[in-house]
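Structure record follows, encoded as C-alpha cells.
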Amino acid sequence: MSEHNQDKHKARQQKVKAQVDAKIEQAQEEKGILQVITGNGKGKSTSGFGTVARCVGHGMNAAVVQFIKGMWECGERNLLERAGVPFAVMKTGFTWETQNRETDTQAAQATWQQAKLWLQDESIDLVLLDELTYMVSYDYLDLDEVIEALENRPAMQSVIITGRGAHRRLTELADTVSEVRNVKHAFEAGIKAQKGFDF
Ligand code: ATP
Ligand code: MG
C-alpha cells in the first residue's frame with residue numbers, strides 16, 4: 001500500500017471507530033434478550049445451541065426445550081446434558097408427518113408446562129425454545145399464553161425461539177430477529193443428513 005493509501009485507510013478506520021464507539025456508548029441498557037431465529041435456511045437450531053454453549057461456557061445456566069424431537073439422536077443434547085443443562089423434549093416425537101392431532105397437542109402442552117416453569121425461574125439465564133414456531137402455527141399452543149409467559153419472564157433472562165414461519169407477534173415482541181435464508185442445501189442435491197453435522 002502506498003503511503004497515501006495508508007493514510008486514507010487510517011482516516012477511514014478512525015471514522016468507523018468513532019461511529020462504533022458512539023454506538024457502544026449509547027447502548028447502556030442491560031436486560032435479557034428475546035431472539036427469534038426463523039427462515040427456511042439451515043442454521044437456526046445450531047445458532048440457538050451455539051448461544052447455549054456460550055452461556056454455559058461462562059458458568060451461567062441454560063435450559064433447552066425441544067418441541068420437535070427429530071428422527072436422530074441430538075449431538076448437542078448428549079454434550080450439554082453432561083454439562084448440566086436440563087432438557088425438556090416433546091414426548092411423542094412429533095414429525096412433519098404428524099398423524100394424531102390430539103396426542104400431539106397433549107405432548108406440546110406437557111412440554112410447554114416445563115417451559116413455563118423455566119420462564120419463571122430467575123436462576124435460568126437462557127431458555128432455548130427450539131422449534132416453538134410450529135407449535136403456534138399448528139395451534140398446539142395458545143399464542144396469547146406464550147406471549148404472556150415471555151413478557152413476564154425474569155428481567156435478565158434471555159430466550160431464543162427457533163423455527164420457520166415465526167408468527168408476526170413473536171417477531172414484533174423480540175429484540176433481535178434473524179432470518180436464515182436458504183441459498184442452497186446439500187439435501188436438495190441428494191446428500192443425506194450427516195451425523196455430527198446435521199444432527
Ligand atoms: P439446523 O438444526 O441444522 O441448524 P435448522 O434448525 O435451521 O437446522 P430445521 O428446519 O429445524 O432447520 O431442520 C432441521 C433439519 O433439517 C436439519 O437436519 C437440517 O440440516 C435440515 N434442513 C434445514 N434447512 C433445510 C433446507 N433448507 N433444506 C433441506 N433440509 C434442511
Ligand atoms: Mg431447527
Please verify whether the range 136-147 includes one or more residues that are within 16 Å of ligand 2 (Cβ to nearest atom) and either touching a residue at least 60 places away in the same chain (Cβ under 8 Å) or of a type in the set (Asp, Glu) (or both). no
State all residues of the range 32-69 that are over 19 Å from His167 (Cβ atoms) and away from ligand 1 (no atom under 16 Å from the Cβ); if no residue qualifies, say none. Gly32, Cys55, Val56, Gly57, His58, Gly59, Met60, Asn61, Ala62, Ala63
What pairs come up if the first residue lies in the range 162-178 and is in the same structural domain as Val36 (by TED's automatic domain parsing), the second is surrounded by 13 or more Cβ atoms within 10 Å (Cβ to Cβ) and of a type in the set (Phe, Trp, Tyr), and their beta carbons are under 7 Å apart, counting only those six or more places apart or on different chains? Gly163/Tyr134
Do you know which residues across the range 166-192 are modelled with pLDDT under 95 and open to solvent by 70 Å² or more (accessible area, probe 1.4 Å)? Phe187, Glu188, Ala189, Ile191, Lys192
Would you mention how many residues in the range 153-197 are in a loop (DSSP other than H, G, I, E, B), within 15 Å of the chain's Cα centre (by Cα) and either on the phi > 0 side of the Ramachandran plot or near ligand 1 (Cβ under 9 Å from one of its atoms) (or both)? 4
Criterion (assigned by TED's automatic domain parsing to the domain that holds Ser47, closer than 20 Å to Thr46 by Cβ and open to solvent by less than 50 Å² (accessible area, probe 1.4 Å)) met by exactly one of Leu141, Leu119, Leu132, Leu150: Leu132
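The values are calculated or read from the model by the stated rules, or taken from the named source; none is laboratory data. What you see is a predicted model; the values in this text were computed from it and never measured. Because the Cβ atoms are built from the backbone with ideal geometry, glycine has one as well, and the counts that use them run over all protein chains shown. The accessibility values were calculated without ligands, DNA or RNA, using every heavy atom of the protein model including side chains. Shrake-Rupley method; radii C 1.70, N 1.55, O 1.52, S 1.80 Å.
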